Amino acid sequence: MSLDIDSIISALNQEFPGSVTEKLEWRGETSLVVDKDRIKAICTRLKESHEFAFLADLTAVDYLTVKSPRYEVVYHVHRFGADYDENVRIRLKAGVEDSDSPEIDSVVLVWSGADWLEREVYDMFGIVFNGHPDLRRILMPEDYEPFPLRKDFDVRDREASKRSFQRALEEGND
Amino acid sequence: MGVNADPALGGEGFLTTTIEAFANWGRKNSLWPMPFGTACCAIEMMAVFASRYDLSRFGAEVARFSPRQADLMLVSGTITYKMASVCRRIYDQMPEPKWVIAMGSCTCGGGPFDSYAVVQGIDEFLPVDVYIGGCPPRPEAVIDAVMKIQKKIELEGAPIL
Amino acid sequence: MERVEFVTEESVVDPITGLKSETMMLNMGPQHPATHGVLRVVLHLDGEVIVKAVPHIGYLHRGIEKLCEHITYQQCLPYTDRMDYLASICNNIGFVLAVEKLLGVQDAIPERAKTAEVIMFELGRIESHLVGIGTNALDLGAMSAFLYCFKERERIYEILETVCGARLTTSYPRVGGLPLDLPDDFEEKIRNFLKIFPKTLVEVDKLLTRNKIWIERTKGVAHISPEDAIDLGLTGPAPPRERHPYDIRKANPYLGYENYDFDVPVATEGDAYSRYLCRFEEMNQSLRIIQQAIDNLPDGPYAADLPDVVLRKRSSPTPAWNPSSGISSSYTKDSSPSPGEVQHAVENPKGELSYYLISDGSESPTG
């Protein structure tokens, strides 16, 4: 990898003090723990000044009791190189505290591809993305209530699904 | 069924049978399946319709994607609760008489997906005539199921509406 | 599928004729012959032109991630089959590689296993592209191309069946190598396939590539610009990649792909026709890779010598069934990676497939 990640971190920290709090390396992968409130600014800077044009993945993790803050929104950002071996991928992790509606800024305006990924995270974890143009459930029915990928949800709990199914049946019969 | 091949008829002859037996014989040999494919089993179902296994040998090759023209629904693939209402609606749109094959473990009983989103067997909301196990079942098993439906039509029939 | 609604508030006046016209809202799917899967699209039509399309997905959301939190890494493998079931084997290999990376045992995987996995991976690619091209042609009315493609798929199924016993849902490699050695007639079967398959490719090429109807119905259709492709995060043969030729097999080689000589075809236009050409060429390149792999298939062990990771050697007798625990005694212990997280991406037929695994040090993935 020809890219100096440390210089990017220091540039980011200089522009937005305290934005990158930690750099982790494991199995040849680089993770940056970033400040949740600055996520949009960090992503914009990474895309515009450091050529991270591609959002490979956006997901979230629920640590429940293992770790605080409870949720972590994870971004995999990719930079294409002129040559194959100059591709760089880094992971950004932003902790989100537990509350009635945990929230973080949306990055849809930075990468359009984040649209559906953020909807999925909202659907599965109930994390609200501020500034998302169309934050609706994507995988589960729109009238579904729980957030299934939260760790305190039982995988076999089919009650809410059955209620949605009944409602859809009744609507169809009208 | 009676056959009359009396030479006095000039070699033409005729059959006597009941209308019901005649109709069921026709139904049995010209099933029009409606492939309700959602997942992996749908790919095996396509293989059943394609050249090697060729379901048309059993008179059931005219796959109809409109439920109003079909009399056999082949539900293949995982049915989630989100999809289930659609599945039920399409079944309701099919004209009588109609038959249903549940293809694959997911439609029979949820398969490996014992989770919050998946219906644990389509018989929760649909009457099923033949179940095929397997994940996915081999094409031979699907052909066997179609033959079972044919047998069922022959033995039980359906009223003529 | 049958519901048609007329939206009156969107009525527009034609500037030339002065006639009032309305856009029509048409609901397509989730059960529709041309979606090949479960996709619902709400279309807004102005005559025959789609002015707006709102896709709805999730009709096949089965909760695989949640299910995998409760089982061991090896047990997750069959679920990966059922994600992109057109190329199950590629999903399997991607997952196995991710777990191997999590365990840190990539270097211990023997060459024979790696080479066999390359062959299977490329067969999976061909398998998927055959459905892509075949059903696309079927939807445009060309039945014969579909039958030709499915005939070849049956040949691939035969190879998969001899290797792992299943046609479609393979669950083939294991963490640490192969579950059992390749069958004796494997090489012969592959060489036979390499001989026959190019002939079918030529036939499909003759049927479609210069077919006027095919060209008129795909050229310029569904155009994606390179900027949009990157912004939206498209990978695989779909986006035009001339500015960023990106293929994970080259950019971040796995399974020793750096040792194979192959080219990455690039769609230049970004329309449906160039995507077809790109998929077609990818199949030719896959054949090249398989040829090189089968010529250099080494002998030797087929699974890594790691007692903690590889659970059972085939030379030992079949493990006794333990009725009290409900699982075979040899399977009671599974590998527990050290806490950490990895993301591993592979170049699947449809584009990048990445697994993001988090271990808390226990036997099953946390996230």
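Read-outs: derived from the displayed coordinates by stated rules, not from any lab. As the structure is a prediction and not an experimental result, all values here were calculated from the model. Here the Cβ is made from the backbone with ideal geometry for all residues, glycine too, and neighbour counts use every protein chain on show.
Note on C:K20: aspartates and glutamates with a C-alpha under 13 Å away, same-chain residues under 8 apart excluded, are C:E9, C:E10, C:D46.
Apply 1/(1 + (r/R0)^6) to the Cβ-Cβ distance of C:L207 and C:L19, taking R0 = 51 Å, and write down the FRET efficiency to the nearest 0.05. Walk me through the intermediate numbers first.
Values: r = 42 Å, r/R0 = 0.83.
That pair, C:L207 with C:L19, gives E of 0.75.
Sequence-ordered 3J(HN,Hα) estimates for region A:25-41 from the Karplus curve with 6.51, -1.76 and 1.60 and θ = phi - 60° stand at 10, 8, 6, x, 10, 10, 10, 10, 8, 10, 6, 4, 6, 9, 4, 5, 5 Hz, glycine and proline given as x.
Among C:T35, C:T200, C:T268, the largest mean-square fluctuation in a Gaussian network model of chain C (Cα springs under 10 Å) belongs to C:T35.
What the Cβ-Cβ distance of B:L9 and B:F65 gives, at R0 = 56 Å and to the nearest 0.05, is a FRET efficiency of 0.80. In terms of overall dimensions, the C-alpha atoms belonging to chain B reach 71, 35, 24 Å along their principal axes, ordered largest to smallest. Cross-link partners for B:K151 among the lysines, with Cα-Cα distance under 20 Å and sequence neighbours closer than 8 places in the same chain left out: B:K28, B:K98.
Mean-square fluctuations from a GNM of chain C, with a 10 angstrom spring cutoff on Cα atoms, peak among C:V131, C:V54, C:V202 at C:V54.
Over the alpha-carbon set of region C:136-293, divide Rg by the Kirkwood Rh and report the Rg/Rh ratio to two decimals. Don't skip to the end; give the middle numbers.
Details: Rg = 17.7 Å, Rh = 17.8 Å.
Reported Rg/Rh, Kirkwood definition of Rh: 1.00.
Between the exposed loop cleavage positions of chain C, defined as GluC sites (Glu not before Pro) in a non-H, G, I, E, B DSSP state with at most 12 neighbouring beta-carbon atoms within 10 angstrom, the longest gap is C:49-241. For region C:25-43 versus region C:347-367, the spacing of their alpha-carbon centroids is 30 Å.
Taking a ≥ b ≥ c as the square roots of the eigenvalues of the Cα gyration tensor, region C:169-211 is classed as oblate, since a/c reaches at least 1.5 and a/b does not exceed b/c.
Averaging 1/r over every pair of different alpha carbons in region A:1-113 and inverting the result gives a Kirkwood radius of 14.6 Å. Within the listed set A:K23, A:K36, A:K93, the Gaussian network model of chain A (springs between alpha-carbon atoms below 10 Å) gives the highest mean-square fluctuation for A:K23.
Would you mind giving the average projected area, over all directions, of the Cα convex hull of the protein assembly as shown in nm² with one decimal? Mind dumping the intermediate values first?
Numbers: hull surface 155.6 nm².
Average of the hull's projected areas for the protein assembly as shown equals 38.9 nm².
Can you give me the C-alpha center-to-center distance between region A:83-156 and region B:104-146, rounded to a whole angstrom? Their Cα centres are 32 Å away from one another.
Past 19 Å, Cα to Cα: identify those pairs from C:K151/C:K195; A:K40/A:K93; C:K219/C:K250; C:K199/C:K250; C:K189/C:K350, in the order given. Pairs exceeding the cut-off: C:K219/C:K250; C:K199/C:K250; C:K189/C:K350. Take every DSSP beta bridge whose two residues both sit in the protein assembly as shown; close to 75 percent of them are antiparallel.
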